[in-house]
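Got a structure here, written out as structure tokens. Questions coming.
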Amino acid sequence: MPTYWTVVLWTAAALALMWLLQEQLHRHMQGLVLLLTGDDRVVAVVHFLLLLPGIVVHELSHWLAARLLGVRCGPISLGPQRKRGQQIRFGSVQIGRTDAFRESLIGVAPLVIGTALVLALARWGFGLVPTAELRPALWPARLLRCLQASDAWLWVYLIFAVANAMLPSASDRRAWRVFGLYLALVLAVAYALIGIPRGSEAYLAWGARALAYLAAAFSLTAAIDIGALAVILLGEWLIGLLTGRRVEYRA
């Protein structure tokens, strides 16, 4: 299988795994705090405080992208606010009306900036770089050695907080369908008129390298989330064993 498609599949699998893990992580994180406190308001506050660095990065990414694209935006609002149903919003920024292209870029900004920040934190904190000399497959052994450092907890927490707040929300993805259809139409017309441009192999190599960085960030996030979820599930089990209480999760 060509290297390009290997990287594509790796990126897609890592993103899907990260998405599924984060959904379960958020649910059980709230469940654990609920078991400990029995208060929904405390659950929201603790969840917000645990992810505060990532929430700030998320909302600031929207704000910066809107300003760079010339879209009017209001101030950033931070703090847990309960929406309709059981959903809780931890931050927001009001964005003015714009076209689907710019709205899509604003919506995806937290994922792009969050991914770059995760890679930067991995580089600064653990010396993990997705290059040929240090492949992501070799990261676990390197990461275990780095965890012995006295400040390792700080880097793990920052990566955890940023990565678990960088995925686009439902409102962030609102314009993606329209923009995706438009982009597919433009690419189809361009292919019909001019075919595959010369130098496409160079473009594919550049694209594979960019995807490798994304896959590395998603894989590192998934690895940290697996460890965090294991600790949370163990905590839930122990508290349930000691108190006889448990949380009912709705589908």
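Taking ALA122, is it at pLDDT 85 or above, within 18 Å of GLY54 (Cα to Cα), out of contact with any Gly (no Cβ under 9 Å at 6 or more places or on another chain) and of a type in the set (Gly, Ala, Ser)?
In short, no.
Please find, among LEU68, LEU9, the residue that is of a type in the set (A, V, I, L, M, F, W, C), within 17 Å of LEU214 (Cβ to Cβ), surrounded by fewer than 17 Cβ atoms within 10 Å (Cβ to Cβ) and more than 16 Å from the chain's Cα centre (by Cα).
Selected residue: LEU9, the only one of LEU68, LEU9 that is of a type in the set (A, V, I, L, M, F, W, C), within 17 Å of LEU214 (Cβ to Cβ), surrounded by fewer than 17 Cβ atoms within 10 Å (Cβ to Cβ) and more than 16 Å from the chain's Cα centre (by Cα).
Would you please name the residue that is farthest from LEU15 (Cα to Cα), looking only at residues in region 57-108 that are modelled with pLDDT of 85 or more and among the charged types (D, E, K, R)?
Applying the filter and picking the extreme gives ARG72.
Within region 235-244, identify whether any single residue is surrounded by 13 or more Cβ atoms within 10 Å (Cβ to Cβ), among the hydrophobic types (A, V, I, L, M, F, W, C), modelled with pLDDT of 85 or more and over 23 Å from the mean Cα position of the chain (by Cα), and answer yes or no.
yes
Which of the following residues is assigned to a helix (DSSP H, G or I) and under 18 Å from the mean Cα position of the chain (by Cα): SER104, SER92?
SER104
Show the residue pairs that are 6+ apart or on different chains and have beta-carbon atoms under 6 Å apart, the first residue being within region 67-79 and touching a residue at least 12 places away in the same chain (Cβ under 8 Å), the second being surrounded by 13 or more Cβ atoms within 10 Å (Cβ to Cβ) and assigned to a loop (DSSP other than H, G, I, E, B).
Filtered contacts from region 67-79: VAL71/THR98.
Counting only residues that are hydrophobic (A, V, I, L, M, F, W, C), over 13 Å from GLY114 (Cβ atoms) and in contact with a helix residue (DSSP H, G or I) (Cβ under 8 Å, 6 or more places away or on another chain), how many does region 210-233 have?
Residues meeting the conditions: 12.
The values are calculated or read from the model by the stated rules, or taken from the named source; none is laboratory data. As the structure is a computational prediction, the values presented were derived from the model and not from experiment. Backbone-built Cβ (ideal geometry, glycine too); neighbour counts: all protein chains shown.
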